[in-house]
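Notes for the one structure printed next.
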Amino acid sequence: MPPADSQEPRRTALAGVHQSLGAHMTDFAGWYMPLRYDSELAEHHAVRTVAGLFDLSHMGEIEIVGTQAAEYLDYALVGSYGAMAPLAAKYTMICQDDGGILDDLIVYRLRADHFLVVANAGNRETVFTALRQRSAGWDDISILDNSDLWSLIAVQGPLALAILNEMADSPLDSLKHYSIAQRSIAGFPVLAARTGYTGEDGFELFCSPADAAQLWTTILEKGKPEGLVPAGLACRDSLRLEAGMPLYGNELSLDLTPFEAGLGRVVALDKSRDSVGGDALRERSQDDVSRVRVGLELEGKRSARTGYAVLTPSGTSVGQVTSGALSPTLGVAVAMAYVDRESASVGTPLLVDVRGVLVPARIVPLPFYKRTNRGAS
Amino acid sequence: MTYPSQLQYSRDHEWLSTDDTHGTVGITSFAAASLGDIVYVDLPAIGTIVTAGSPCGEIESTKSVSDLISPASGEVTAINDTVVSDPALINSSPYEDGWLFQLRLDDAPELMDADQYTLFANGTP
């Protein structure tokens with residue numbers, strides 16, 4: 001395979017819209033994406049207080065169709081999917097044989113025999129290839145990479161519901177957290193999911209790429225008077241960090257299982273059938289993991305960044321920062337890190353090596369930020 | 001983007017305004033826009049001897065850390081405390097309220113004028 005940077009980044013159906021809005025664009029996972037439109041901090045605060053509009057069309061949409069689709073997913077992924085009601089959604093993962101994480105996913109059950117699997121943009125091919133390979137021997141299962149047939153627009157924030165309701169054919173209130181339904185928004189057919197990656201209430205709208213630009217523009221125009229703003233990947237990252245949500249490549253990787261990540265709950269250990277990685281994950285669930293994902297709060301305003309060493313007060317290295325920022329909402333420097341289990345309990349005083357300066361930090365519970373307005377749940 | 005004509009500019013995207021023996025330093029609007037929202041700034045202490053082209057502090061945006069490179073050599077005589085407590089001033093007012101420090105100049109530095117800097121900045125990927 002040629003190096004990724006030898007290719008022009010791919011453009012979503014909204015790339016032209018972002019450029020006309022004056023966005024600072026960046027190459028993200030091989031896609032030409034908006035990093036920020038103006039101030040990423042203003043965008044962050046808008047999502048926390050009003051609403052933000054995101055282009056997530058770079059995400060991968062893989063559809064699994066067949067009468068045995070649920071059983072197949074039980075085999076191919078770490079969770080259990082047969083009990084999902086139609087139109088339910090589930091946060092889950094796909095692992096390799098040794099339990100290492102290939103990607104984190106949201107699985108939507110569209111019908112009894114039809115699932116939609118949303119993968120990270122950078123893992124789309126990996127996940128699709130793995131799902132294809134794992135379907136060997138399964139009759140009557142179709143696995144389709146339909147990523148190019150879907151655009152994905154997210155509206156996130158406490159006013160997302162009210163703003164979208166004004167454009168929806170029927171109110172979205174009935175849509176529960178982590179569920180999906182067919183709706184029409186501004187006259188365009190969408191699959192509306194009450195999911196997100198910001199820690200706020202909100203929706204992710206799967207639509208036709210042919211409709212994406214007009215749907216985006218309509219939502220922006222209708223939401224603007226309320227304070228909705230277009231929001232880029234920079235604030236998406238600070239929002240998910242505050243919400244304690246892992247990012248593949250930072251907190252999740254092939255070298256880690258869901259248990260180190262503190263997300264062992266996604267693994268169904270009582271499956272009636274074997275599954276890829278199942279033995280390794282069952283074994284891992286038995287012993288205490290040596291390193292765990294934790295939240296850190298630092299003294300001062302300097303950010304702990306990816307790769308910075310975490311030490312005990314006596315100077316012993318016990319881990320590494322995976323994501324960090326000066327939290328726009330909380331005003332304090334926060335980070336996620338992997339640290340040795342012995343140093344991982346809440347309140348433990350530690351140090352972070354911030355470019356040669358040892359900054360005092362302590363373990364705090366995740367998430368750093370939890371919204372008070374819960375929306376529907 | 002246009003750059004104030006009365007200032008001088010470094011290849012590291014700092015500006016310098018001079019009056020004979022003293023200078024005031026900040027970062028350009030180009031640098032501020034490229035960095036994104038600035039959330040932390042570490043300035044040299046008063047009395048520090050800084051050297052043209054060498055790091056003398058740090059500027060952190062939400063996503064990155066950059067060295068602050070002094071555009072001139074000399075002794076730091078004042079720092080902008082307001083910008084330390086409110087780094088967003090660097091974004092909102094890079095040439096006025098967002099100035100960073102002042103120094104007593106060792107010598108007249110060789111820097112670009114606004115026209116030269118405009119060409120330089122436009123050529124920076």
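The values are calculated or read from the model by the stated rules, or taken from the named source; none is laboratory data. Everything numeric in this text was worked out from a predicted model, so none of it was measured. Note: ideal-geometry Cβ built from the backbone for every residue, glycine included; neighbour counts use all protein chains shown.
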**Study point:** Residue check for A:Glu63: part of a strand (DSSP E or B) and not aromatic (Phe, Trp, Tyr)
**Key:** yes
Check your understanding: Name the pairs whose Cβ atoms lie under 6 Å apart, with the first residue in segment A:19-30 and in contact (Cβ under 8 Å) with a residue 60 or more places away in the chain and at positive phi, the second in a loop (DSSP other than H, G, I, E, B) and surrounded by 17 or more Cβ atoms within 10 Å (Cβ to Cβ), and 6 or more positions between them or separate chains?
Key -> A:Gly30/A:Pro9
Check your understanding: Restricting to segment B:97-117, what's the tally of residues that are surrounded by fewer than 21 Cβ atoms within 10 Å (Cβ to Cβ), in a loop (DSSP other than H, G, I, E, B) and under 13 Å from the mean Cα position of the chain (by Cα)?
Key -> 2
Point to revise | Matching residues, segment A:300-319, being away from every other protein chain (no Cβ under 14 Å) and either at pLDDT below 95 or surrounded by fewer than 17 Cβ atoms within 10 Å (Cβ to Cβ) (or both) | key: A:Ala309, A:Pro313, A:Ser314, A:Gly315, A:Thr316, A:Ser317
Review point. Filtering segment B:39-59 down to residues that are within 14 Å of chain A (Cβ to nearest Cβ) and of a type in the set (Val, Ile, Thr), which residue is surrounded by the most Cβ atoms within 10 Å (Cβ to Cβ)?
Key: B:Val39
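Condition check: buried (at least 20 other Cβ atoms within 10 Å of the Cβ) and either among the aromatic types (Phe, Trp, Tyr) or at pLDDT 95 or above (or both). Does B:Ile90 satisfy that? Walk me through how you get there before you give the answer.
Working: buried (at least 20 other Cβ atoms within 10 Å of the Cβ): yes; either among the aromatic types (Phe, Trp, Tyr) or at pLDDT 95 or above (or both): yes.
Yes, satisfied.
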Exercise for review: Return the residue satisfying two criteria in turn: it lies in segment A:42-51 and is surrounded by fewer than 23 Cβ atoms within 10 Å (Cβ to Cβ) and in contact with a Ser or Thr (Cβ under 8 Å, 6 or more places away or on another chain), and of such residues it is farthest from B:Leu35 (Cα to Cα).
Suggested key: A:Arg48
Study note, to complete from the structure: Matching residues in segment A:31-40 (surrounded by fewer than 23 Cβ atoms within 10 Å (Cβ to Cβ) and within 13 Å of chain B (Cβ to nearest Cβ)) number 4
Practice item. Collect the residues in segment A:318-373 that are of a type in the set (Lys, Arg) and touching a Pro at 6+ places or on another chain (Cβ under 7 Å), keeping them in residue-number order. Key: A:Arg362
**Study point:** Within segment B:23-37, tally of residues that are more than 17 Å from B:Cys56 (Cα to Cα) and either touching a residue at least 24 places away in the same chain (Cβ under 8 Å) or more than 14 Å from chain A (Cβ to nearest Cβ) (or both)
**Key:** 7
Check your understanding: What is the one condition in (1) surrounded by 20 or more Cβ atoms within 10 Å (Cβ to Cβ); (2) in contact (Cβ under 8 Å) with a residue 40 or more places away in the chain that B:Val84 does not satisfy?
Key -> (1)
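Each row is one residue, and each column tells you yes or no for (1) more than 14 Å from every other protein chain (Cβ to nearest Cβ); (2) among the polar types (S, T, N, Q); (3) surrounded by 18 or more Cβ atoms within 10 Å (Cβ to Cβ).
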site	(1), (2), (3)
A:Thr26	no, yes, no
A:Leu53	yes, no, yes
A:Leu56	yes, no, yes
A:Glu71	yes, no, no
Review point. A:Ile106 fails exactly one of the following numbered conditions: (1) out of contact with any Leu (no Cβ under 9 Å at 6 or more places or on another chain); (2) surrounded by fewer than 21 Cβ atoms within 10 Å (Cβ to Cβ); (3) not in a loop (DSSP other than H, G, I, E, B). What is the number of that condition?
Key: (1)
Exercise for review: Scan segment A:179-191 and give yes if some residue there is at positive phi and surrounded by 22 or more Cβ atoms within 10 Å (Cβ to Cβ), otherwise no.
Suggested key: no
Exercise for review: Count, please, the residues in segment A:191-216 that happen to be over 20 Å from A:His44 (Cα atoms) and polar (S, T, N, Q).
Suggested key: 2
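Scan segment A:1-22 and tell me whether some residue there is within 14 Å of chain B (Cβ to nearest Cβ) and farther than 23 Å from A:Asp279 by Cβ.
Yes - at least one qualifying residue is present in segment A:1-22.
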**Study point:** The one condition in (1) crowded, with 19+ Cβ neighbours inside 10 Å; (2) not in a loop (DSSP other than H, G, I, E, B) that A:Tyr81 fails to fulfil
**Key:** (2)
Review point. Since A:Val359 meets every condition but one in (1) within 13 Å of another protein chain (Cβ to nearest Cβ); (2) of a type outside the set (D, E, K, R); (3) on the phi > 0 side of the Ramachandran plot, which condition does it not meet?
Key: (3)
